[in-house]
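The values are calculated or read from the model by the stated rules, or taken from the named source; none is laboratory data. This structure is a prediction, so every number in the text was calculated from the model and none was measured. Heads up, the Cβs are rebuilt from the backbone with ideal geometry, glycines too, and the neighbour counts pull from every protein chain shown.
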Amino acid sequence: MIWVGKLSLTYWRFYKMALPQKTPTYNLKAVLSETGIKSHTIRAWERKYGLPRPVRSKGKHRIYTQHDISIVKWLMARLDEGMTIRRAAELWNNIEEKGGNPLEYVTFQQDDLNLVFENGDTLGDIRNAWIKNCLRFDDEATEKFLTQAFAIYPIKMVCLEILQKGLAQIGDLWFQNEATVQQEHFASEKTLKRLYALLAAAPNPTRLGRILLACPPHEEHTFSLLLLSLLLRYQGWNVIYLGANLPTAQLASTVNYIKPDLVILAAQRLETAATLAEATEMLAELDVPSAFGGSIFNLIPSLRYHITGHFLGETVEGAVQIINKIMTFDPPMQRAKPLPSHYEAALKHFDSTQYLIDFDVRQNLDKANIPFVYLEDTNSRFKRDILAALSLGNITLVTPGFKLAQQLMLNYGISTEMQFKYMHAYNQAAQKRLNADGQLVTDWLGDFESTFGQAPA
């Protein structure tokens with residue numbers, strides 16, 4: 001099921017109680033007053049699309065039913081979602097042809113939306129074409145297919161079903177070593193460029209309440225947060241988007257100046273989940289509500305419970321609904337537990353010992369005839385994740401991310417044997433350099449190394 005927007009709760013309750021009457025009662029002036037639509041617009045809709053369907057009085061004047069007024073409101077709701085009037089009228093007719101009543105629909109089925117147009121393109125076809133041309137670095141073609149999509153489908157649907165899913169598919173291809181970093185970057189830049197343009201052109205806020213969105217320190221991946229900003233703007237919220245890598249000190253000063261009703265932060269890596277946690281704790285001290293999400297919380301579900309704030313769920317679309325509830329009802333936030341003293345000691349000790357461990361890792365790899373340069377990036381990410389996990393109060397948080405990174409290392413020519421030797425070298429160095437304060441780390445490293453099995457012969 002593809003969710004593209006809802007009728008207002010008031011409308012839905014009304015329709016549940018009684019469907020609109022079909023007795024011709026209202027003249028054009030009454031319809032214009034009730035809906036706010038222009039007379040030339042409604043006449044154009046009647047002429048081109050057959051909606052609404054007034055009857056004529058003996059004096060040839062248009063007479064409308066309550067049902068006609070509801071049709072107009074329904075069409076206007078689809079326009080507010082970003083749908084073209086042609087597309088909305090086709091959707092109405094498609095539902096009616098199947099024996100349904102469009103006014104009773106809160107959500108639309110994929111079959112209702114995947115209509116075939118003159119050129120034969122459906123939503124899936126357009127997405128596949130967009131992906132193919134991104135991989136070809138064809139700037140003109142990618143823009144053409146996106147423009148076509150926005151002319152047919154609502155803005156929200158194009159963003160979720162083409163941009164979000166298309167970018168995810170390209171990311172999967174990169175992860176599987178079937179697409180290059182350059183191809184992924186091209187698609188990402190095209191996507192971000194389009195989202196920025198849509199956000200700039202979004203309607204003015206209609207709801208009371210200000211929402212501030214930013215990435216925490218060291219987080220550079222902005223797509224999901226930018227998409228969320230756009231969807232919230234189309235929900236009527238006053239959105240202030242600050243982008244990537246916002247230092248906590250700057251966030252605090254900005255919050256004091258803007259005074260938002262909610263601050264939303266997103267993290268995609270364990271390292272930035274830790275900086276996000278620092279930021280939400282600071283916000284809690286300032287008595288500012290916060291919420292968070294990002295792919296790292298889907299990869300490691302237990303991580304959610306180490307963060308102060310409202311968790312926004314596993315999807316951007318679901319996050320919009322949660323945010324609406326937060327802004328409306330102001331529920332209490334989840335509070336993270338204080339960092340245990342033995343974790344504080346381990347964090348301080350590991351942080352002060354990093355450079356010694358790195359030195360020993362280099363020496364251990366040299367003995368194994370593995371140039372450290374091949375594993376320098378891996379080593380840097382690994383120790384940052386250990387620091388992050390310690391600051392969050394759970395050393396096992398490192399495990400899922402490193403296991404995921406193993407495939408990436410294979411893609412870059414770092415064999416399973418080399419990975420095993422690196423882990424063995426790191427474990428040896430940590431066992432040598434860390435004292436009792438670091439036992440959390442050494443115990444975990446010993447267990448983690450064992451998951452690699454025996455070193456290949």
**Request:** Would you point out which residue out of Lys383, Lys367, Lys403, Lys348 is under 24 Å from Glu278 (Cα atoms) and surrounded by fewer than 17 Cβ atoms within 10 Å (Cβ to Cβ)?
**Result:** Lys348
**Message:** Let me confirm something: among Ile162, Ile152, which residue is assigned by TED's automatic domain parsing to the domain that holds Asn133, within 22 Å of Leu79 (Cα to Cα), free of Cβ contacts under 8 Å to residues at least 40 places away in the same chain and of a type outside the set (S, T, N, Q)?
**Reply:** Ile162
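Would you point out which residue out of Asn204, Asn238 is in contact with a Pro (Cβ under 7 Å, 6 or more places away or on another chain) and surrounded by fewer than 19 Cβ atoms within 10 Å (Cβ to Cβ)? Spell out how you get there, then give the answer.
On the way: Asn204 fails: in contact with a Pro (Cβ under 7 Å, 6 or more places away or on another chain).
After applying the criteria, what remains is Asn238.
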**Fill in**
Among Leu270, Leu242, Leu265, the single one that is under 18 Å from the mean Cα position of the chain (by Cα) and touching a residue at least 60 places away in the same chain (Cβ under 8 Å) is Leu270
**Of residues in region 288-322 being modelled with pLDDT of 95 or more and charged (D, E, K, R), the one farthest from Leu392 (Cα to Cα)** = Glu314
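Of all residues being of a type outside the set (A, V, I, L, M) and surrounded by 15 or more Cβ atoms within 10 Å (Cβ to Cβ) in region 355-364, which is nearest to Phe402 (Cα to Cα)? Just the residue, please.
Residues of region 355-364 that are of a type outside the set (A, V, I, L, M), as a first pass: 355, 358-360, 362-364.
Adding the requirement that they be surrounded by 15 or more Cβ atoms within 10 Å (Cβ to Cβ) leaves 358, 360, 362, 364.
On the way: Asp358: 18, Asp360: 21, Arg362: 20, Asn364: 20 Å.
So, considering only residues that are of a type outside the set (A, V, I, L, M) and surrounded by 15 or more Cβ atoms within 10 Å (Cβ to Cβ), the one nearest to Phe402 (Cα to Cα) is Asp358.
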**Complete:** Filtering region 290-313 down to residues that are surrounded by fewer than 21 Cβ atoms within 10 Å (Cβ to Cβ) and of a type in the set (Phe, Trp, Tyr) yields Tyr305, Phe311
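Table: residues versus (1) in contact with a Phe, Trp or Tyr (Cβ under 9 Å, 6 or more places away or on another chain); (2) under 24 Å from Cys134 (Cβ atoms).
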position: Ala187; (1), (2): yes, yes
position: Ile211; (1), (2): yes, no
position: Asn238; (1), (2): no, no
position: Leu246; (1), (2): no, no
position: Tyr257; (1), (2): no, no
**Fill in**
Checked against (1) exposed (fewer than 14 other Cβ atoms within 10 Å of the Cβ); (2) at pLDDT below 95, Glu285 satisfies every condition except (2)
**Request:** Might you let me know whether region 195-207 holds any residue that is out of contact with any helix residue (DSSP H, G or I) (no Cβ under 8 Å at 6 or more places or on another chain) and in contact (Cβ under 8 Å) with a residue 12 or more places away in the chain?
**Result:** yes
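Check region 37-46 and report whether any residue there is assigned to a loop (DSSP other than H, G, I, E, B) and without any contact (Cβ under 8 Å) to a residue 40 or more places away in the chain.
Step one: filter region 37-46 for residues assigned to a loop (DSSP other than H, G, I, E, B), giving 37-38.
The next check asks that each one be without any contact (Cβ under 8 Å) to a residue 40 or more places away in the chain; those that pass are 37-38.
The answer is yes, given that some residue of region 37-46 is assigned to a loop (DSSP other than H, G, I, E, B) and without any contact (Cβ under 8 Å) to a residue 40 or more places away in the chain.
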**Prompt:** When only residues in region 363-417 that are assigned to a loop (DSSP other than H, G, I, E, B) and β-branched (Val, Ile, Thr) count, which is modelled with the highest pLDDT?
**Reply:** Ile370
**Prompt:** Inside region 123-146, can you point out the residues that are of a type in the set (A, V, I, L, M) and more than 17 Å from Arg87 (Cβ to Cβ)?
**Reply:** Ala129, Ile131, Leu135, Ala141
**Item:** Residues that are of a type in the set (Phe, Trp, Tyr) and farther than 12 Å from Leu227 by Cβ, drawn from region 155-203
**Value:** Trp174, Phe175, Phe186
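Given the residues Val4, Val31, which is the only one that is assigned to a loop (DSSP other than H, G, I, E, B), in contact with an Asp or Glu (Cβ under 9 Å, 6 or more places away or on another chain) and either modelled with pLDDT under 85 or among the β-branched types (Val, Ile, Thr) (or both)? Walk me through it before giving the result.
Values: Val31 fails: assigned to a loop (DSSP other than H, G, I, E, B).
Testing whether each residue is assigned to a loop (DSSP other than H, G, I, E, B), in contact with an Asp or Glu (Cβ under 9 Å, 6 or more places away or on another chain) and either modelled with pLDDT under 85 or among the β-branched types (Val, Ile, Thr) (or both) leaves just Val4.
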